[in-house]
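**Student:** Dropping a structure here in structure tokens format, bear with me for questions.
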Amino acid sequence: MESSDGARVLGDTDATMMDIPGKGQPPDGAVSWASMVMGTSAGGRPHPEDLLTDAFVVERLSVEFPNGVEGEPVIKIGQEVLEAMNGLWKQCMIVKVLRRTVPIFVLTKKLRELWKPKGVMTVLDLPRGFFMVRFGEEDEYMAALTGGPWKAFGSYLLVQAWSPGFDPLRDEILTTPVWVRLSYLPVNFYHRSILMGIAKGLGKPLRVDQTTLNVERARFARVCVEVNLGQPLKGSVMMISPYFT
């Protein structure tokens, strides 16, 4: 990733844990520090300093000048810091109003009217008309992400799940959540993990319809999948099992 001045930020995959006392100290045992903090996304605006102490971060951040002090600096940040910071934003989505420029306070009001969140919802503005929306409640995040298509201001809202690699200066919203029907599927395949696994053949699975999970209908199963709009949509999947091919 490059900053505006051209500096590179690199993840250090070989970061090692250091014994730092007090708040932010990683737990003992086999459970990784990153896995412990990945669930700490609830609430409104995140407070990274409450999650990771300055000492924890400083031990895992370095500035190097491989071509001398007059050359380009290279910033390295430990993988555990990056994973922890990413975890703060896991219930976020990227939003853009198609072919419209909308002020942040106007969009925030409209999104609250559309999605009616009971928990905390925070809207942040990004370059090029993109917005980042963070939810305190996972079910409200999934409802907003998968409940479209959404219309506002006489246009459509483009939405996609946030990812650490999203760059608003270069990227476009090229994926969108769509509900797909898996027809003629035997009811003994109606298990969340089985259905999500099948849906991986079509895109990135997001959620299974509650009616499907409750096995209230058996004509087809519904799964919400994030698909790439720049690639041809797949119309079928091939199932191979001892009883179903």
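**Student:** Restricted to the range 182-209, and to residues that are touching a residue at least 12 places away in the same chain (Cβ under 8 Å) and surrounded by fewer than 13 Cβ atoms within 10 Å (Cβ to Cβ), which residue is nearest to GLU226 (Cα to Cα)?
**Tutor:** Across the range 182-209, the extreme among qualifying residues is SER183.
**Student:** Let me ask something else. Among the residues of the range 223-240 satisfying the criterion of being outside any strand (DSSP E or B) and surrounded by 10 or more Cβ atoms within 10 Å (Cβ to Cβ), which is modelled with the lowest pLDDT?
**Tutor:** Per the criteria, the residue is MET239.
**Student:** Please go through the range 69-104 and pick out each residue that is in the same structural domain as LEU157 (by TED's automatic domain parsing), out of contact with any strand residue (DSSP E or B) (no Cβ under 7 Å at 6 or more places or on another chain) and of a type in the set (Val, Ile, Thr).
**Tutor:** Hits for the range 69-104 are THR101, VAL102.
**Student:** I would also like to ask the following. Would you mention how many residues in the range 53-72 are of a type outside the set (Asp, Glu), loosely packed, with under 15 Cβ neighbours inside 10 Å and in a loop (DSSP other than H, G, I, E, B)?
**Tutor:** Selection size over the range 53-72: 6.
**Student:** Additional query: Tell me which residues, restricted to the range 194-222, are assigned to a loop (DSSP other than H, G, I, E, B), aliphatic (A, V, I, L, M) and under 20 Å from the mean Cα position of the chain (by Cα).
**Tutor:** Within the range 194-222, LEU202 is the sole residue that qualifies.
Matching residues to (1) modelled with pLDDT of 90 or more; (2) charged (D, E, K, R); (3) on the phi < 0 side of the Ramachandran plot:
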{"position": "LEU145", "(1), (2), (3)": "yes, no, yes"}
{"position": "PRO149", "(1), (2), (3)": "no, no, yes"}
{"position": "PHE153", "(1), (2), (3)": "yes, no, no"}
{"position": "TYR156", "(1), (2), (3)": "no, no, yes"}
{"position": "ALA161", "(1), (2), (3)": "yes, no, yes"}
{"position": "LEU169", "(1), (2), (3)": "yes, no, yes"}
{"position": "LEU174", "(1), (2), (3)": "no, no, yes"}
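**Student:** Let me ask you something else. Condition (residue is free of Cβ contacts under 8 Å to residues at least 24 places away in the same chain and in a loop (DSSP other than H, G, I, E, B)) applied to the range 95-103: is it met by at least one residue?
**Tutor:** Yes, because at least one residue in the range 95-103 is free of Cβ contacts under 8 Å to residues at least 24 places away in the same chain and in a loop (DSSP other than H, G, I, E, B).
**Student:** Another question, if that's okay. Can you name every residue in the range 160-183 that is of a type outside the set (A, V, I, L, M, F, W, C), out of contact with any Asp or Glu (no Cβ under 8 Å at 6 or more places or on another chain) and either assigned to a loop (DSSP other than H, G, I, E, B) or under 15 Å from CYS92 (Cβ atoms) (or both)?
**Tutor:** Once the filter is applied, which keeps residues that are of a type outside the set (A, V, I, L, M, F, W, C), out of contact with any Asp or Glu (no Cβ under 8 Å at 6 or more places or on another chain) and either assigned to a loop (DSSP other than H, G, I, E, B) or under 15 Å from CYS92 (Cβ atoms) (or both), the range 160-183 yields SER163, PRO164, GLY165, ASP167, PRO168, ARG170, ASP171, GLU172.
**Student:** Check THR122, THR108 and return the single one that is out of contact with any Asp or Glu (no Cβ under 6 Å at 6 or more places or on another chain), hydroxyl-bearing (Ser, Thr, Tyr), assigned to a strand (DSSP E or B) and under 30 Å from PRO177 (Cβ atoms).
**Tutor:** Values: THR108 fails: assigned to a strand (DSSP E or B).
Selected residue: THR122, the only one of THR122, THR108 that is out of contact with any Asp or Glu (no Cβ under 6 Å at 6 or more places or on another chain), hydroxyl-bearing (Ser, Thr, Tyr), assigned to a strand (DSSP E or B) and under 30 Å from PRO177 (Cβ atoms).
**Student:** Next question, about the same structure. Can you pull out the residues in the range 146-159 that are within 17 Å of GLN91 (Cβ to Cβ) and either in contact with a Cys (Cβ under 8 Å, 6 or more places away or on another chain) or buried (at least 18 other Cβ atoms within 10 Å of the Cβ) (or both)?
**Tutor:** Result: THR146, VAL159.
**Student:** Now, a different point. Looking at the range 110-128, which of the residues that are of a type in the set (Lys, Arg) and either in contact (Cβ under 8 Å) with a residue 40 or more places away in the chain or more than 14 Å from LEU157 (Cβ to Cβ) (or both) is surrounded by the most Cβ atoms within 10 Å (Cβ to Cβ)? Don't jump to the end; show me each part of the working.
**Tutor:** Initial filter on the range 110-128 (of a type in the set (Lys, Arg)): 110, 112, 116, 118, 128.
Filter once more, so that each one left must be either in contact (Cβ under 8 Å) with a residue 40 or more places away in the chain or more than 14 Å from LEU157 (Cβ to Cβ) (or both): 110, 116, 118, 128.
Values: LYS110: 16, LYS116: 11, LYS118: 10, ARG128: 11.
Result: LYS110.
Listed here are the residues, each with its yes/no results for (1) under 26 Å from VAL180 (Cα atoms); (2) of a type in the set (Val, Ile, Thr).
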residue	(1), (2)
ARG99	no, no
VAL133	yes, yes
GLU137	yes, no
THR146	yes, yes
PHE153	no, no
TYR156	yes, no
VAL159	yes, yes
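**Student:** May I pose another question? Please give the number of the condition ALA143 fails out of (1) exposed (fewer than 13 other Cβ atoms within 10 Å of the Cβ); (2) assigned by TED's automatic domain parsing to the domain that holds PHE105; (3) of a type in the set (Gly, Ala, Ser).
**Tutor:** The failed condition is (1).
The values are calculated or read from the model by the stated rules, or taken from the named source; none is laboratory data. Computed from a predicted model, the values in this text were never measured in an experiment. Quick reminder, even Gly has a Cβ in these numbers, built from the backbone with ideal geometry, and neighbours come from all protein chains shown.
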